[in-house]
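The block underneath contains the structure these notes are about, expressed in structure tokens.
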Amino acid sequence: MPAVDMGSFGEPYLAQLETFLRGHHRTLWTLDLTNDLNVPAFATASRRIDGAPEQILFGFGAHLDARIALLRAVTEHNQMLSQILYAPADSPPGADLTDKGTVEWLRTATVANQPYLLPGPGPARVASDFRFCRTDDLKDDVLACDGIARQRGTELLVLDLTRREVGLPVVKVVVPGLRHFWTRFAPGRLYDVPVRLGWLQQPLREEDLNPIPMFL
């Protein structure tokens, strides 16, 4: 996937974070995951560059405003930083974590054995490459998302789960056909969209998909 030039967004926080991570011998980068929905989506990752294990961390963000999408990816990435940067020097990566998938990732994953984490060839995407489609009205933003779904042959379904005795508004939103980041491998967009966008020449088979389940 293409790299994203984070500096092009003019956010001082991002420059400060890169400087902070360099001080801890880590490098930071972002990939553009935006697909046929044209809603800006990013993955931000970092890794150690002073030895093994690389302790690769990552986070994701999507939003109608590309700047907010990028900041969300970065802040999700940051949620695991304390587990790495402030762990006792004599403890292995993830020693205080209970999720086996996360621990295995922190101890064994590298950009060499997980090369999809690195940017693909070609110029990096900049802030001006992303169409700003956010409005000043949340309702209009929701209707815009519904329109995007309808353009792709699906719809935005909203279930009101608010409990009267609590009074806190709660809804569940589902877009049939879109894929969760969990392991959902039935036929559909997961296989079709990469071909439609020219990322692949033909659909992958299920056995060719990334075998590492999402553990965030």
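Note on 182, 199, 29: ascending count of other Cβ atoms within 10 Å places them as 182, 199, 29, the fewest first. Relative to the dominant Cα principal axis of the chain, helix 138-151 is inclined by about 80°. By the Cα gyration tensor, the chain has an equivalent ellipsoid whose semi-axes, rounded to whole angstrom, run 30, 22, 21 from largest to smallest. Rounded to the nearest 20, the Cβ-based charge dipole of the chain about its Cα centre (Lys and Arg +1, Asp and Glu -1) stands at 200 debye. A straight chain from residue 11 to residue 155 at 0.36 nm per residue would run longer than the Cα-Cα distance by 48.4 nm. Every helix of 4 or more DSSP H residues in the chain counts as -39500 (n - 2.57), and over all residues that averages to -8500 deg cm²/dmol at 222 nm.
How much of the DSSP bridge set in the stretch 6-129 is antiparallel, in percent, rounded to the nearest 5?
On the way: 13 of 13 bridges.
About 100 percent, rounded to the nearest 5.
Among 44, 19, 30, the residue with the largest mean-square fluctuation in a Gaussian network model of the chain, with springs joining Cα atoms closer than 10 Å, is 19. Near residue 115, within a Cβ-to-Cβ distance under 14 Å, what is the net charge of the other residues, with Lys and Arg +1 and Asp and Glu -1? The answer is 0. Between helix 66-78 and the chain there is an angle of about 40 degrees, using the helix long axis and the longest principal axis of the Cα atoms.
Convex hull of alpha carbon positions in the stretch 6-129: directionally averaged projected area 8.3 nm². Of the residues 79, 171, 68, the one whose Cα sits farthest toward the positive end of the charge dipole of the chain, with +1 on the Cβ of Lys and Arg and -1 on the Cβ of Asp and Glu, is 171.
Report the FRET efficiency, 1/(1 + (r/R0)^6), for residue 111 and residue 186, where r is their Cβ-Cβ distance and R0 is 35 Å, rounded to 0.05.
On the way: r = 30 Å, r/R0 = 0.86.
Efficiency at R0 = 35 Å is approximately 0.70.
We did not get these values from a lab; they are worked out from the coordinates using the rules stated. Since we're looking at a predicted model, the values are computed, not measured. No Cβ is skipped: glycine too gets one built from the backbone with ideal geometry, and neighbour counts run over all protein chains shown.
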